[in-house]
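All of the numbers you see were taken from the coordinates with simple rules; none came from a lab. Since the structure is predicted, the reported quantities are computational estimates derived from the model, not experimental observations. Methodologically, a virtual Cβ is constructed for each residue, glycine included, from the backbone with ideal geometry; neighbour enumeration extends over all protein chains shown.
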Amino acid sequence: MRIQSLLLGAILIFGGLIAQEKTFYLKSGDKVSGTLTAESDSTFTVETSFGTVTINKNDIKPEEAIIYLKTGDKLKGAILSETEEGIRVQAQFGEVHIPKEKIERIDFKSMGAVVRGFQRPGQTEEGRWYYGKERLIDIYFDPTGYTVGDNVLYLSALSWGYGLSDRFQITSKWGGYFWGDLNFRPKYTLLKRGNLQSEHALAIGTHFHMRGLPVKYELKKEKYLFSENNPNDSDERWYRVGESAYVDGEDENSGDEMWMEYFVAYTISNLKKSGQGRVNHTIGATLTTYPGYDPMPRAYYAVHADARRNLKLIFQAFYDPYWASNLEFAENKEISEFDFDFGFIYAYNESLQLGIHFQRPHVAFYYKF
């Protein structure tokens, strides 16, 4: 009885190993997906939605890829086999087995487009692509756990940045230079671990400003130099933190103070089951200190997903008692300390990224060198 139980268990385990979902790309351009039920030295037997088929191994198109290792090495070749532990690659110098925990990134060679006439929306990309064309370092204004990359320079309408290493970057808002705000924002990825299926990154940093005003808002009563002749002295409207509320004059000290912002961000990046792109979750917090004000906190959660290799969809929810939404600006009142943002980032090419989102300033773009 015990032998029979062991035999039955072995059969079930063996059956589970064989009965696995797999997609085959053939040299003819055909794509066949189904449950792998048997394998011989020369063929695969696959149970598909249109019946059982036998695929000759010589008819399968080799899946080529470029594999980037965490050591900085790079291999290019055809993938011979893949398991949970690693990938066996036919490189130019022979077969090599690479453990998955040593792999930084994989770029798969495109398997071609769907045959014309059978194409439907969302089915324009074939094969696997574990990463989109862009890895976000910020969700618009809030940081993620990633940096821009080693020796990469970027320029946007509001800032510029440079990656001194794979884990350390410095960015700056160049617009502030025109009124004397020399500022810089170092960011360091303190922790980065995981594998291709799930990756975790934790970053910390600070933003130092010589002068200027933070992007924080508060409701203030407007002050007039001749208030006895103006009945609207009690009107309230939104002002930047540190900004003068005088209408007929200006506080000479407005924007002359040094101030700081501190931040931490934790990102989890998971590979989609389809093997086409990733879903990324980020939680983070910032703390802004400005002379004369209590520390101003902000906490946020964001998710950004690869809809296409060159398109990311983004949603963010945040708590910030010093943020004023478009509606709050229009009505000059505080509605809620919680708000949200959504939009997309489109990679026009490998260098230029464009985006639109709900919150100000609505349009985003940056160029990477």
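For segment 63-108, the gyration tensor built on C-alpha atoms gives a rounded shape. Its axis ratio a/c (a ≥ b ≥ c) stays under 1.5. Compared with the direct C-alpha span, the chain from Glu334 to Asp235 gains 34.2 nm at full extension, assuming 0.36 nm per residue. What pairs from Lys173/Lys333; Lys22/Lys74; Lys57/Lys273; Lys70/Lys133; Lys22/Lys273 go past 21 Å between their alpha carbons? Over 21 Å apart, Cα to Cα: Lys173/Lys333; Lys22/Lys74; Lys57/Lys273. Between Leu158 and Phe315, the simple spin-label model (points 7 angstrom out along Cα→Cβ) gives 2.3 nm.
Placing a pseudo-label 7 Å from each Cα along the Cα-to-Cβ vector at Lys57 and Ser40 gives an inter-label distance of 1.2 nm.
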